[in-house]
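Report on the structure given below.
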2 protein chains.
Amino acid sequence: MVNLFKKRPRRPQPSRVSRGAESPNISRVGLAQLTPELDRYLAHGAYLQLSLFETLSKAIISAPTTKTKTAVSRVANIALDRHHALSAELERQQLDPAEAMQPFAAAVDAFQQRVHGADWDELLMSAYVVSGILDDCFVQLAGGLPGDYPERMAALLGGDAVTDALAAVLSDEIAANPKLASRLALWGRRLVGDTLIVARSAADIPQDTATDDERLEPAFTELVADHTRRMDRLGLTA
Amino acid sequence: MVNLFKKRPRRPQPSRVSRGAESPNISRVGLAQLTPELDRYLAHGAYLQLSLFETLSKAIISAPTTKTKTAVSRVANIALDRHHALSAELERQQLDPAEAMQPFAAAVDAFQQRVHGADWDELLMSAYVVSGILDDCFVQLAGGLPGDYPERMAALLGGDAVTDALAAVLSDEIAANPKLASRLALWGRRLVGDTLIVARSAADIPQDTATDDERLEPAFTELVADHTRRMDRLGLTA
């Protein structure tokens, strides 16, 4: 498939009309064809990792046991390392990370508030669902980045370390309190919608454009399928 | 000076009487002569770093700007790395980190609550004062640990990275709002007392023993002198 966007100038948005006209087979466009500018990718990704880290910090602070505190702190460390790695990439692009992230702060902070959940288990579930979908999304979006970024971003953000560690803690929680399962399944379902909106905002499409949502659909179907597998793993219905 | 405690068996406490009798010149005993058992040192240190990390996380979450958020997140990363390094040492001692830390959790959690402060600046000041004194304390206590632990702990917990980074953020805050200075000086003074109680609990002395407090005094005088230098650096009276 032709990547329509790789050679476009850095700032201006290509016209919606020509994009649609050049790509009639829109249903097969994946996230790698919707890659944003490098700077935007890095800054949005860096702030999202910081936000995930904040969610995990809250989970550490309110962890019911020293054991869960320790387990979650390992995941927090990964998120923070990823944040710093993405910030370092911004610096390599001669950008100040704080300034570059600023445009994403309000939306991501509001998202973080919305997915906070009612208690520790829901908070942890949020970290599991959100990191699962968004790390996936950013690995795929990286496919359209220049140079060796696709591989390096996949190495940084891919892998199962975060998912495995959170799944282990959540499985223990559900095993200790089987009644949790239905509540967490419900909560997980609510999280998907909000998280996909963030995934959409990370892709290079204007907001609220029905045509572009059609373009996104197959990519999102894939993100949701992976999410369903992660829920299955906990014995929960997605 | 003779180290009275290096060869003592690992678990039993030496009698208070003989300790005093063998060391009439108690005023010159430093923290390296009050080193606790290795396991206790590592576990208490690991939990304190986790607690410092939690304080820093709260500061990240409530940071007034993306710039301060980013700056504090670098410090949080150091605290978390230190926590994990100490946890890894516990594992090398065939101990489960979560279990080993458990006995210290309640006291450290209560301390963390007590030094929370009224707002973001006080919270950050707490991280500055507490990490300054306790990292110093643990580097000195490591002096009596076996093998190459003294050097390795000094490399892990020493250095100015945490202090420098927090001093930079606090200096900016005070410069932007000079009225902060007197409030933060006052808060800093309150923190010292609580923090020295934690330092005391990390040393190998029974609680509430007047004789042993005499032994601690010179070491504490040194800790406080370094604290005073850190406050001077911010233009604050200690």
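General observations
- Surface share of carbon and sulfur [accessible, 1.4 angstrom probe, percent] for the range A:61-128: 55 percent
- Total formal charge among the other residues, if their Cβ is under 12 angstrom from that of A:A161, Lys/Arg +1 and Asp/Glu -1: -2
- Sequence of A:D164, B:D204, B:D232, A:D194 from largest to smallest accessible area, 1.4 Å probe: B:D232, A:D164, A:D194, B:D204
- Sequence of B:R152, A:R229 when ordered by accessible area, the most exposed leading, probe 1.4 angstrom: A:R229, B:R152
- Solvent exposure, largest accessible area first (probe 1.4 Å, DNA, RNA and ligands not counted), of A:I61, B:I60: A:I61, B:I60
- Minimum 40 Å² accessible area buried by the other protein chains, the range A:77-121 residues, probe 1.4 Å, relative to alone: A:N77, A:L80, A:H84, A:A98
- Residues of the range A:29-68 buried by at least 40 Å² on assembly (accessible area, 1.4 Å probe, chain alone as reference): A:F53, A:E54, A:I61, A:T66
- Debye-formula intensities of the range B:39-97, expressed as log10 I(q)/I(0) at q = 0.26, 0.27, 0.29 Å⁻¹, are -0.90, -0.95, -1.03 (one equal scatterer per alpha-carbon, no solvent).
- For the range B:49-64, backbone phi angles converted through the Karplus equation (6.51, -1.76, 1.60; θ = phi - 60°) give residue-by-residue couplings of 5, 5, 5, 4, 4, 5, 4, 5, 4, 4, 5, 5, 4, 9, 4, x Hz, Gly and Pro being listed as x.
- Here the simple spin-label model places points 7 Å from the Cα toward Cβ, and for A:A168 and B:A118 these points are separated by 4.4 nm.
- Convex hull volume of the Cα atoms of the range B:131-238, normalised per residue: 90 Å³.
- Contact order normalised by residue count of the range B:69-155, Cα under 8 Å, 6+ apart, percent: 11 percent
- Protein heavy-atom accessible area occluded, B/A pair - total, 1.4 Å probe, Å²: 2100 Å²
- Take the range A:125-238 with all the other protein chains still there, run a 1.4 Å probe, and you get 42 Å² of accessible area per residue.
- Globularity ratio of the range B:68-201, using Cα Rg and 2.2 N^0.38 Å: 1.13
- Pairs exceeding a 23 Å alpha-carbon distance, out of A:K179/B:K58; A:K67/B:K69; A:K58/B:K67: A:K179/B:K58; A:K67/B:K69.
- Calculated from backbone phi, Karplus (6.51, -1.76, 1.60) coupling profile of the range B:128-140 in Hz, x at Gly/Pro: 5, 5, 5, 5, x, 6, 6, 5, 3, 4, 6, 5, 5
- Scalar couplings 3J(HN,Hα) for the range A:146-160, obtained by applying the Karplus form with A = 6.51, B = -1.76, C = 1.60 to θ = phi - 60°, are x, x, 8, 4, x, 5, 5, 5, 5, 5, 6, 9, x, x, 9 Hz; x denotes Gly and Pro.
- The solvent-accessible area of A:T55, taken with every protein chain present and a 1.4 Å probe, is close to 10 Å².
- Dividing the mean sequence gap of close Cα pairs (under 8 Å, 6+ apart) by how many residues the range B:129-238 holds gives a relative contact order of 38 percent.
- Using heavy atoms of the protein chains and a probe of 1.4 Å, the accessible area assigned to A:C137 is about 0 Å².
- Each of A:E91 and A:A107 was given a label point 7 Å from its Cα along the Cα-to-Cβ line. The distance between the two points is 2.7 nm.
The values are calculated or read from the model by the stated rules, or taken from the named source; none is laboratory data. This is a predicted model, so every value here is computed, not measured. Neighbour counts run over all protein chains shown; Cβ positions are idealised from the backbone, glycine included. Heads up: the accessible areas ignore ligands, DNA and RNA and are worked out on the full protein's heavy atoms, side chains in. Shrake-Rupley method; radii C 1.70, N 1.55, O 1.52, S 1.80 Å.
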